[in-house]
1. Might you check whether a residue that is loosely packed, with under 14 Cβ neighbours inside 10 Å and in contact (Cβ under 8 Å) with a residue 60 or more places away in the chain occurs anywhere in the range 54-68?
2. Those residues that are over 12 Å from the mean Cα position of the chain (by Cα) and under 27 Å from residue 57 (Cα atoms), I need them from the range 106-125; list them, please.
3. Can you name the condition, by its number, that residue 28 falls short on among (1) more than 21 Å from residue 4 (Cβ to Cβ); (2) touching a strand residue (DSSP E or B) at 6+ places or on another chain (Cβ under 7 Å); (3) in a loop (DSSP other than H, G, I, E, B); (4) modelled with pLDDT under 90?
4. Taking the range 99-128 on its own, how many of its residues are surrounded by 15 or more Cβ atoms within 10 Å (Cβ to Cβ) and either farther than 18 Å from residue 15 by Cα or free of Cβ contacts under 8 Å to residues at least 12 places away in the same chain (or both)?
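The values are calculated or read from the model by the stated rules, or taken from the named source; none is laboratory data. Since the structure is predicted, the reported quantities are computational estimates derived from the model, not experimental observations. Virtual Cβ from ideal backbone geometry, glycine too; neighbours counted across all protein chains shown.
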């Protein structure tokens with residue numbers, strides 16, 4: 001299992017940079033802009049970041065090819081799903097949870113840059129970790 005302290009440190013950096021970006025740019029522009037800027041900022045902070053990482057789906061040993069793409073995959077251990085919508089819906093949380101389950105990862109972040117402040121838009125999604 002991944003070290004909880006390491007996960008908390010990484011998510012702390014992601015939160016800090018997300019807040020900075022939200023304050024600088026503001027809410028409601030294209031998700032792809034937030035993705036590009038956040039990826040750059042996290043890389044500058046020394047984190048390994050992959051944008052639009054393709055994840056294949058394998059069921060019963062059969063590879064179904066590209067099933068989904070992760071907006072940001074940080075340090076090979078944290079899924080970051082980005083949105084820029086007025087309001088998150090339950091499907092956004094379920095989608096992030098499914099990514100974590102399929103990848104066998106404990107923690108993901110769902111960040112909505114469409115909220116007036118990032119306090120309402122930042123969510124930790126946990127898969128099998130005790131908070």
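1. no
2. Correct list: 106 only.
3. Of everything listed in (1) more than 21 Å from residue 4 (Cβ to Cβ); (2) touching a strand residue (DSSP E or B) at 6+ places or on another chain (Cβ under 7 Å); (3) in a loop (DSSP other than H, G, I, E, B); (4) modelled with pLDDT under 90, residue 28 misses just condition (2).
4. Of the residues in the range 99-128, 6 are surrounded by 15 or more Cβ atoms within 10 Å (Cβ to Cβ) and either farther than 18 Å from residue 15 by Cα or free of Cβ contacts under 8 Å to residues at least 12 places away in the same chain (or both).
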